Amino acid sequence: MTAAYLERLNPEQRRAVEHGLGEADRFPGPLLVIAGAGSGKTNTIAHRVAHLLVNGADPERILLMTFSRRAASDLTRRAEAIGRQAMGERAGILAAGLPWAGTFHSIGVRLLRDYAGQIGLMPDFSIHDREDSADLMNLTRDDLGYSRMERRFPTKATCLEIYSRVVNSGAALADVLKEAFPWCASWEGELRALFAAYVEAKQAQGVLDFDDLLLYWARMQADPDLAAEIGGRFDHVLVDEYQDTNRLQASILLTMKPDGRGLTVVGDDAQSIYAFRAATVRNILDFPAAFDPPAETITLDRNYRSTRPILDAANAVIGLAKERFTKNLWTDRAGTQRPELVTVRDDVEQARFIATQVLENREAGATLRQQAVLFRTASHSAVLEVELTRRRIPFVKFGGLKFLDSAHVKDVLALLRFVQNPRDLVAGFRVMLLVPGVGPATARRALAAMSMAAEPIGALAAFPTPPRIGGEWQGFVALLVALRGRGTAWPAELDILRQWYEPILDRQHDDASTRLADLLQLQGIAAGYPSRERFLTELTLDPPAATSDESGVPSLDNDYLILSTIHSAKGREWRSVFVLNAVDGCMPSDLGTGTTADIEEERRLLYVAMTRARDSLHLILPQRFYTHAQRAKGDRHVYASRTRFIPREILDHFDYVSWPGSRHAVPTAQPAAAPRIDIAAQMRGMWR
Ligand SMILES: Nc1ncnc2c1ncn2[C@@H]1O[C@H](COP(=O)(O)OP(=O)(O)OP(=O)(O)O)[C@@H](O)[C@H]1O
């Protein structure tokens with residue numbers, strides 16, 4: 001008898017779910033699932049995980065890697081629900097859920113901490129996000145005297161970009177400069193010295209940046225024994241959104257499971273939108289041949305999401321892509337309404353159109369939450385946000401969230417990071433400057449004293465109280481000592497921290513009470529994590545895309561419109577979708593109009609946006625839009641033309657409308673004395 005949950009699947013989905021189970025071998029051979037937009041990818045992986053569980057897999061030995069924390073929890077919830085129902089009494093094994101479900105980076109952090117002693121790493125290293133990395137790059141640049149050169153040295157952001165490109169691509173510095181940063185080529189020697197010093201600074205402070213997480217993980221697994229040990233911890237490894245993984249991620253998987261047994265990857269090359277972060281679509285293309293015998297490939301090309309006219313238009317857009325591997329999608333969801341290209345005068349009219357249309361849709365039965373407005377760049381929705389606020393239409397914005405960027409939230413996070421790792425210079429610097437009366441010179445001296453000591457907090461306590469600061473300084477030191485001590489439980493330490501910080505907040509900001517509300521919200525989010533370390537790790541690796549993304553946010557209306565960057569809309573769907581600024585300059589973005597590869601990625605972005613829609617899709621074309629970088633009341637604008645991704649030959653998939661108008665058509669434990677591989681030395685060696 002077939003399990004009821006399998007009967008809900010179409011034949012290809014079912015093949016993917018059942019692949020390799022029931023074969024003589026204990027573990028299934030490698031599997032690649034090419035899953036077109038809306039073809040039930042999430043549904044299929046959730047069913048496969050549930051099916052593995054039903055067939056006796058141990059949840060502790062399933063590694064499930066996704067692109068975002070939200071995707072991991074979605075998948076886990078769905079798989080557990082199917083599994084529980086099917087397993088009846090045996091469902092007890094799911095009591096702890098799927099402990100190894102998470103993003104590539106967060107799984108990497110856990111494994112690196114587990115094996116830290118064997119690879120010469122401090123087990124309680126802290127993690128720098130892009131901005132912290134840029135700050136440390138800046139401090140290092142200052143130390144080397146490069147910020148005071150006669151000719152202007154590349155900015156910290158550019159330096160970081162170059163560094164990141166080199167480590168992620170494995171290419172030589174000279175080649176990266178020549179290809180992507182020709183204007184910086186004359187600085188090759190200085191950049192090499194800067195990167196060497198940057199790597200040493202990170203190591204001395206016990207911090208890893210985002211790139212390091214994958215780099216250290218990949219290097220750790222370059223050791224065959226460690227690779228076998230780590231691979232041996234998991235019977236099944238499943239990876240979602242494989243098209244958006246990079247070279248290092250692929251090498252991690254291949255060294256973990258060299259014969260591919262137990263390995264399932266799922267992705268869609270047509271939805272690859274992260275090449276700008278060194279993701280490579282080659283991973284998905286080369287996957288089958290990486291094994292002998294090759295991986296089985298199953299293609300899901302039936303779309304369940306969109307009506308036929310919407311899918312036809314999306315197929316037409318992606319059909320013009322230069323290189324393409326997946327077939328067109330099909331659907332049997334009939335529909336008569338073609339997607340609309342809506343011409344409006346400017347972005348003010350664009351905002352009015354959307355507000356009006358959204359309310360009309362609501363009258364017609366679609367809730368606000370079933371509607372979404374998507375845009376290329378977070379700043380594109382500014383005018384719309386004003387209009388929605390004016391008309392009292394509640395909304396939540398995903399992508400480009402300001403909450404974690406605000407100074408007060410960053411202050412508190414820096415404090416927690418400094419408590420976690422008192423050698424973290426970037427966090428320490430920010431925190432010390434909060435103490436009334438402390439300036440950069442004092443902060444640098446105190447941090448230097450700490451960096452040289454075996455016990456940094458002890459060194460801080462012994463540091464002479466700076467003149468004229470007295471009580472404030474002692475209060476600060478007492479706070480750190482208390483938080484580092486074992487007496488305070490998580491998350492209660494946040495209360496102590498907030499008591500210390502509140503008077504500072506009051507002094508520094510007129511709107512202290514609003515900011516305090518943010519901190520309470522942060523505390524609510526923190527309560528969802530078992531420890532300070534897990535909270536900081538998860539928040540740094542994958543900040544909530546919107547405040548509503550985390551549970552326990554009280555002040556939101558029940559129904560609200562979704563505003564989202566296209567990148568943050570990945571994997572989601574709505575009844576009605578509006579795409580802002582479907583004009584050249586925005587789509588493709590003028591930032592992305594460099595190489596052919598950039599343009600192709602922008603085309604796929606539009607495709608991703610269009611394929612989020614179930615029943616209705618509007619692409620808005622403001623005839624002119626205001627250029628950035630001008631004064632508030634400036635009137636500099638450009639006349640815009642329809643996005644090049646919808647050329648004349650595919651126009652008949654759309655209705656043309658103008659509006660308003662008529663319709664035309666850190667280090668507490670030191671590394672083990674003799675690490676098996678000294679990755680730290682390898683990293684330094686890269687720049688020598
Ligand atoms: N076998 C099925 N029968 C009916 N509906 C299905 C089936 N499989 C998936 N669906 C529906 O199709 C829609 C898309 O599914 P899902 O979100 O899993 O797609 P996806 O492949 O992850 O999409 P994308 O890659 O575009 O983000 C959902 O509404 C889901 O309920």
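One table, with the values for the structure above:
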| item | result |
| --- | --- |
| Filter pass, T537 being of a type in the set (S, T, Y), away from the ligand (no atom under 16 Å from the Cβ) and either surrounded by 19 or more Cβ atoms within 10 Å (Cβ to Cβ) or at pLDDT 90 or above (or both) | yes |
| Scan of the stretch 504-523 for residues that are farther than 21 Å from L433 by Cβ, at pLDDT below 80 and within 25 Å of the chain's Cα centre (by Cα), ordered by number | Q521 |
| Candidates R614, R604, filtered to the one that is among the charged types (D, E, K, R), in contact with a strand residue (DSSP E or B) (Cβ under 8 Å, 6 or more places away or on another chain), at pLDDT 90 or above and within 16 Å of the ligand (Cβ to nearest atom) | R614 |
| Members of the stretch 140-157 that are touching a Phe, Trp or Tyr at 6+ places or on another chain (Cβ under 8 Å) and part of a helix (DSSP H, G or I) | T140, R141, Y146, S147 |
| Sole exception among (1) modelled with pLDDT under 95; (2) in contact with a Ser or Thr (Cβ under 8 Å, 6 or more places away or on another chain) for V239, by number | (1) |
| Among residues of the stretch 124-138, those that are under 12 Å from Q205 (Cβ atoms), in a helix (DSSP H, G or I) and among the hydrophobic types (A, V, I, L, M, F, W, C), counted | 1 |
| Selection status of R308, touching a Gly at 6+ places or on another chain (Cβ under 7 Å) and over 24 Å from E601 (Cβ atoms) | yes |
| The stretch 531-546 residues that are hydroxyl-bearing (S, T, Y), paired with ones that are modelled with pLDDT of 90 or more (beta carbon under 8 Å, 6 or more apart) | T537/S106; T537/V109; T537/I127; T540/I127; T540/H128 |
| Residues that are more than 22 Å from D518 (Cβ to Cβ) and either among the small types (G, A, S) or surrounded by fewer than 16 Cβ atoms within 10 Å (Cβ to Cβ) (or both), drawn from the stretch 473-499 | Q474, G475, A478, V481, A482, G485, R486, G487, A489 |
| Elements of type helices (runs of 4 or more DSSP H) contained in the stretch 375-456, each with 2 or more residues being within 26 Å of the chain's Cα centre (by Cα) and within 25 Å of D129 (Cα to Cα) | 407-420, 425-432 |
| Residue count for the stretch 249-308, restricted to those that are outside any strand (DSSP E or B), within 16 Å of the ligand (Cβ to nearest atom) and either small (G, A, S) or on the phi > 0 side of the Ramachandran plot (or both) | 3 |
| Pair list, Cβ < 7 Å and 6+ apart or interchain, from the stretch 18-46 residues that are closer than 18 Å to V237 by Cβ and aromatic (F, W, Y) to residues that are modelled with pLDDT of 90 or more and away from the ligand (no atom under 16 Å from the Cβ) | F27/D235; F27/R261; F27/G262 |
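Residues are listed down the side, and each one gets a yes or a no for (1) out of contact with any Cys (no Cβ under 9 Å at 6 or more places or on another chain); (2) surrounded by fewer than 22 Cβ atoms within 10 Å (Cβ to Cβ); (3) of a type outside the set (D, E):
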| position | (1), (2), (3) |
| --- | --- |
| T255 | yes, yes, yes |
| D259 | yes, yes, no |
| V265 | yes, no, yes |
| D269 | yes, yes, no |
| S272 | yes, no, yes |
| N283 | yes, no, yes |
| A290 | yes, yes, yes |
| I298 | yes, yes, yes |
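The values are calculated or read from the model by the stated rules, or taken from the named source; none is laboratory data. The shown structure was predicted, so the numbers you read here are calculated from the model rather than taken from an experiment. For neighbour counting, all protein chains shown are included, and Cβ atoms are generated from backbone atoms with ideal geometry for every residue, glycine included.
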